[in-house]
1. Give the cross-link partners of Lys89 among the aspartates and glutamates, using a straight C-alpha distance below 15 Å as the criterion and excluding same-chain residues fewer than 8 apart.
2. GluC sites (Glu not before Pro), restricted to the range 74-139: which are DSSP loop and have at most 11 other Cβ atoms within 10 Å?
3. Calculate the dipole size of the range 73-112 relative to its Cα centre from +1 charges on Lys and Arg beta carbons and -1 charges on Asp and Glu beta carbons; express the result in debye to the nearest 20.
4. Enumerate the aspartates and glutamates that Lys83 could reach by cross-link, defined here as Cα to Cα under 18 Å, with residues fewer than 8 away along the same chain left out.
Amino acid sequence: MLRRGSLIVVGLVFLLAAPAFAQKSTPASRAADEQRALLNQMAEAQKWAGEQLWHMKEGIDAVPGMISELKDANAARDADVQKLRDEVKGLYVETSSLRQELEELKNDIGGVNANVSGFRTFSGFFIAVMILLLAVIFIMTIRR
């Protein structure tokens, strides 16, 4: 844009300066050549500005496609985040149920320990009775 403005200013300077040079005994063909050169420069500047506008239009036309792609990527990311949240919730529930099962196992182990203690007491009593019976049988066999 700055270049276009400077070219226009330069062009105007040449247009204003051309009649002054033409009055100082310069041939008319030279003035016409200068005007053509100025017009050519202005045409080049306008062509360049048109190309720049075309590039900007292309960029602006590409924006909706880029926005659509970003929306799709964002939606996919949101779906992934939701899946991960659901998985974390499932893992939390599973962890909670495992904790409950561990507490139940601790209670069951406590019950087994109590049963083992009872069984040891009962087995000790049973062994003592068996030894006593063996002693009685042995004594009775010796007495005869």
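1. Straight-distance partners of Lys89: Asp80.
2. Qualifying residues, ordered by number: none.
3. That gives a dipole near 200 debye.
4. By straight Cα distance, Lys83 reaches Asp72, Glu94.
Values in this text are rule-based calculations from the coordinates and carry no lab data. Bear in mind that the values here come from a model prediction, so they are computed numbers and not experimental data. In this analysis, Cβ positions are derived from the backbone assuming ideal geometry, glycine residues included, and neighbour counts consider all displayed protein chains.
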